[in-house]
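For reference, the structure is listed below as structure tokens.
The values are calculated or read from the model by the stated rules, or taken from the named source; none is laboratory data. Bear in mind the structure is a predicted one, so any value in this text is a computation, not a measurement. With ideal geometry, Cβ positions are generated from the backbone for all residues, glycine too; neighbour counts draw on all protein chains shown.
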Amino acid sequence: MKGKRVSRGAAVVLAVTVVLGLLAAPAFAHAEREVRFPAGTGQVPTYRKAPASPRLVVCKPDSAERIRSYTGRLRTLNERLLAECSFEHVQAAVNAVEERGTTIYVLPGTYREEPSRAAPSERCAPLAGKDLLTYAEQYACPNLQQLVAIFGDRTPDDDDHSCDSVRCDLQLEGTGRETTDVVIEGGFKEDGSWEKLNGIRSDRADGFYLRNITTQLFEFNGVYVLEQDGFVIDRALARWNEEYGFLTFASDHGLYTDCEGHGNGDAGIYPGSASPLNGRRHSIEIQRCDSHHNALGYSGTAGDSVYAHDNTFHHNSAGVSMDSAFPGHPGLPQNHATFENNLIYSNNENYYGNVWDGTCAKPPRDRGHERGVVCPAPPVPVGTGLLLGGGNDNSYVHNRLYDNWRSGFRQIWVPAPIRGENDLAKFRDTSHRNRYTRNAFGVAPDGARLPNGLDVWWDEQGDGNCWQDNTSSYGTVRSDPARLPDCTRPSGWTIFSLIGRPSKVLSGLPCSEYGRDRPRPQGCDWFDTPPRPAGAPAVSGSRTGR
């Protein structure tokens with residue numbers, strides 16, 4: 001007896017049913033003001049070697065004592081700059097900039113920016129309870145939400161969104177031996193709540209270059225770059241923030257290099273809504289960064305045209321995620337990212353217990369963020385290396401994924417109505433033409449066998465997806481489905497390519513009910529730590545070498 005054939009009409013009905021269910025689920029992406037992409041005529045800024053001119057110098061009363069522990073050229077440089085110090089607060093130096101292309105040197109110390117914490121002025125007080133401020137409102141009240149504010153568009157009411165002020169091409173550089181020698185800290189109010197939303201905000205300030213500074217203990221972002229054509233985040237550390245370490249949004253000609261993010265409740269690195277250049281070039285490059293012990297090492301709704309290479313994403317709940325799942329993010333659906341030569345391993349840290357046991361319900365001051373407590377903001381499948389939630393034309397080549405106990409790669413469909421796109425012609429416009437080639441599964445750089453639970457998990461929806469020339473500690477790539485299309489014959493039409501295999505598509509639906517202030521969703525296994533794969537050593541390694 002032949003099995004029952006599912007008609008295309010029935011499949012569409014099922015798909016609509018799935019979507020209606022998903023539409024009832026809460027959204028988790030952060031909200032942003034209405035933005036537009038820069039013109040793309042800028043460039044990645046170039047580092048100005050110290051001591052650059054024109055320059056301003058910021059120091060603390062204990063900077064001299066800290067500098068005495070330095071030796072050689074570093075001590076000589078710091079002593080020279082100390083003699084020029086005119087500011088005790090970073091924001092005061094930013095406000096004093098008079099010439100485009102200025103470098104602000106921040107000498108060793110912890111900068112809590114007390115003037116930026118003052119009660120809002122009579123003019124700004126009515127905005128204090130408003131979540132999303134326009135650029136004009138931010139420009140008028142720069143420290144209402146952030147400790148250090150750098151706004152480049154001095155004519156906020158015009159329509160060109162251009163960087164036309166002396167704060168364009170600003171370089172902000174810590175002069176410490178270690179990144180943690182110069183710290184910009186938010187911390188907490190007397191009632192234990194977060195003191196500030198953001199640490200450093202660079203907004204329409206093209207050419208911003210951040211180097212050798214730590215930002216910590218903020219409610220939203222350690223570093224926030226918005227609507228910008230040209231930025232660099234270099235040797236910076238962002239840690240212990242409620243949401244993101246580094247967040248860049250609606251920007252082009254950006255570079256993250258040698259950065260580190262850990263202890264963040266969402267992602268250590270977030271290049272969201274990068275300029276969608278559709279394969280012409282990359283808009284954001286991320287290289288040699290180390291993102292670990294976050295809910296996500298990397299995340300990017302509409303993370304378009306990103307080139308991420310030679311990074312390590314490890315010991316997070318999930319290593320990497322990019323998606324087309326949330327409305328209000330320009331550039332959707334996500335497309336044309338390239339991940340090459342990255343290490344994605346041991347992403348099995350389960351922080352959801354901090355939610356269920358009440359730790360994350362405490363005032364932020366009392367949770368223990370500095371001791372490693374993470375309060376995860378998004379629902380992610382613990383034990384996943386890289387998750388693609390509805391993206392197109394991405395390339396994953398020559399990455400090494402190992403010791404991820406659920407799966408190495410995981411690709412799922414996100415129907416267009418989830419992001420608020422109700423044009424039926426776009427209903428299944430994601431999860432197409434993604435290529436996974438020459439990746440190594442289950443083997444560490446030193447040759448140790450550290451298998452993933454599965455190497456690949458795919459819900460089988462989408463056209464033109466393919467896997468080829470990948471290797472595995474299992475001998476052959478262990479996947480679900482067991483047979484994956486190779487790139488000589490990418491996936492074509494099957495009954496599942498329309499909406500995916502229903503059991504897989506529906507399996508994550510209960511997980512969308514997650515919230516820090518909600519009971520644990522029933523029927524979701526994402527928040528359970530997967531069992532260690534057979535053949536793995538008794539203790540998961542912490543190998544970081546390439």
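Structure summary
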| quantity | calculated |
| --- | --- |
| Filter result for residue 106 (within 19 Å of residue 221 (Cα to Cα) and in contact (Cβ under 8 Å) with a residue 12 or more places away in the chain) | no |
| Some residue of the stretch 424-435 being of a type in the set (Val, Ile, Thr) and either touching a Lys or Arg at 6+ places or on another chain (Cβ under 7 Å) or surrounded by fewer than 22 Cβ atoms within 10 Å (Cβ to Cβ) (or both) | no |
| Selection within the stretch 262-279 - at pLDDT below 95 and more than 21 Å from residue 232 (Cα to Cα) | 278, 279 |
| Filtered residues of the stretch 466-494 (kept if crowded, with 22+ Cβ neighbours inside 10 Å and at pLDDT below 95) | 491 |
| Selected residue [assigned to a strand (DSSP E or B) and among the charged types (D, E, K, R)] from 285, 242 | 285 |
| Boolean, residue 184 is in the same structural domain as residue 103 (by TED's automatic domain parsing) and closer than 30 Å to residue 360 by Cα | yes |
| Answer residue from the stretch 500-522, given it is assigned to a helix (DSSP H, G or I) and not small (Gly, Ala, Ser) and is surrounded by the most Cβ atoms within 10 Å (Cβ to Cβ) among those | 505 |
| Matching option when the condition is under 26 Å from the mean Cα position of the chain (by Cα) and part of a strand (DSSP E or B), among 429, 455 | 455 |
| Meets criteria (without any contact (Cβ under 8 Å) to a residue 60 or more places away in the chain and either assigned to a strand (DSSP E or B) or assigned by TED's automatic domain parsing to the domain that holds residue 527 (or both)) for residue 404 | no |
| Members of the stretch 152-178 that are in contact with a helix residue (DSSP H, G or I) (Cβ under 9 Å, 6 or more places away or on another chain) and within 20 Å of residue 234 (Cα to Cα) | 167, 170, 172, 174, 175, 176, 177 |
| Filter pass, residue 249 being in contact with a Ser or Thr (Cβ under 6 Å, 6 or more places away or on another chain), touching a residue at least 12 places away in the same chain (Cβ under 8 Å) and more than 28 Å from residue 162 (Cβ to Cβ) | no |
| Candidate set: the stretch 180-213, residues that are among the β-branched types (Val, Ile, Thr) and crowded, with 23+ Cβ neighbours inside 10 Å; chosen: the one farthest from the chain's Cα centre (by Cα) | 182 |
